[in-house]
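In what follows, a single structure is set out as structure tokens and then discussed.
Every number here is computed from the coordinates shown, using simple stated rules; none is lab data. Given the structure is predicted, the values throughout are model-derived calculations rather than measurements. Cβ sites come from the backbone with ideal geometry, for glycine too, and all protein chains shown count toward neighbours.
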Amino acid sequence: MKTEAKNHARELRRQGLSIKEICKKLGVAKSSVSIWVRDIELRADQLEALNLQMIRSRQRFGYLSRCDGANKNRIEAEQRHRLYEQSGRELAKVDERFRLVCALYWAEGKKRGKNTFSISNSDPRLMRVFLDWLVRSGFDQRIAFRVQYYEGNGFSVEMIKAWWRNKLPRLDGKHFRKFVKCTLNRASQQKKVGSLPYGTATIEVCDSELFFNVMGGIKYLQDLGDW
């Protein structure tokens, strides 16, 4: 039986199969196959095919390893997000100001992205609620503030910036990001010029914990609505 396996292994090797493939086909240990076929020299084309096969195998292994790592990271991130949401639910039960922020964000805030707390509005009174809360909550250094405006209103960026700073006393120079000038692509958009002379402001904080805390608070409010 051993002689038959040896002869079969040598024949497969002459056909250009790798030692690993021969072991798999015959169910024989790698050490035995290596000894049986070590005197067989492969042709150049066979060696090239085996090298190409080995490269593809390594690439496949690397791809699967990266996938495993990505899946592990995704699962861990989902677990963190659930914990953040639960913390937001608990906070909403006892913190009236946080419930107000969650309610307003539910109506006006960005719900996608999962990593960024972001809200846009032209009403400085609404934006002041969010800005004051973010500063009080320790996000002062991470706040990004920008404005989308229509050039046709005749106000310069500095004039618009000064207006918002007057309406939002907690705004600081470090918060400002580049303002965005809106373009009029259709005649119907012309009516927007003049209606919002100081533009629409956006407040952003890139922080997944903050985002999911607020999402948890919103779910708490949603549960209240189901009563």
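Quick look at the numbers
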| read-out | value |
| --- | --- |
| Matching label, P(r) over Cα pairs in 10 Å bins from 0, in percent computed from the structure shown, candidates (1) 8, 34, 39, 18, 1, 0; (2) 7, 25, 26, 21, 14, 5, 1; (3) 7, 21, 17, 13, 9, 8, 11, 11, 4, 0 | (3) |
| Inter-probe distance in nm under a simple model that places probes 7 Å from Cα toward Cβ, at Ala107 and Leu47 | 7.7 |
| Residue-by-residue Karplus 3J(HN,Hα) for segment 78-95, coefficients 6.51, -1.76, 1.60, Hz, glycine and proline x | 4, 5, 4, 4, 5, 5, 4, 4, 5, 4, x, 4, 5, 5, 5, 5, 10, 10 |
| Sequence-distant lysines (8 or more away, or on other chains) whose Cα lies within less than 30 Å of Lys30 | Lys2, Lys6, Lys20 |
| Table column - 3J(HN,Hα) (Hz), segment 7-19, Karplus curve with 6.51, -1.76, 1.60, x for Gly and Pro | 5, 5, 4, 5, 5, 5, 5, 4, 6, x, 6, 6, 4 |
| Rounded to 5, the percent of DSSP beta bridges in the chain classed as antiparallel | 75 |
| D_trans [Stokes-Einstein, Kirkwood Rh over alpha-carbon pairs] for segment 2-62, 37 °C, 0.692 mPa s, µm² s⁻¹ | 272 |
| Total charge dipole magnitude, segment 2-62, about the Cα centre, Cβ charges on Lys, Arg, Asp, Glu only, Debye to nearest 20 | 280 |
| Positive-pole candidate from Cys102, Pro197, Ile75, dipole of the chain, charges at beta carbon | Ile75 |
| Computed label-point distance, nm, for sites Ala77 and Arg97 using a 7 Å Cα→Cβ extension | 3.2 |
| Cα centre as origin, Lys/Arg/Asp/Glu Cβ charges: the chain dipole, Debye | 540 |
| Rh (Kirkwood; distinct C-alpha pairs) - segment 80-149, Å | 13.2 |
| Protection proxy ranking, peptides 124-135, 21-32, average beta carbon neighbours within 10 Å, highest first | 124-135, 21-32 |
| Signed unit charges on C-beta, dipole axis of the chain, positive-most listed residue Gln222, Leu50, Gln86 | Leu50 |
| Sequence-separation-based contact order of segment 2-62, relative, with Cα cut under 8 Å and 6+ spacing, percent | 34 |
| Cross-link table Lys111/Lys174; Lys174/Lys219; Lys114/Lys167; Lys93/Lys114, entries beyond 27 Å C-alpha to C-alpha | Lys174/Lys219; Lys114/Lys167 |
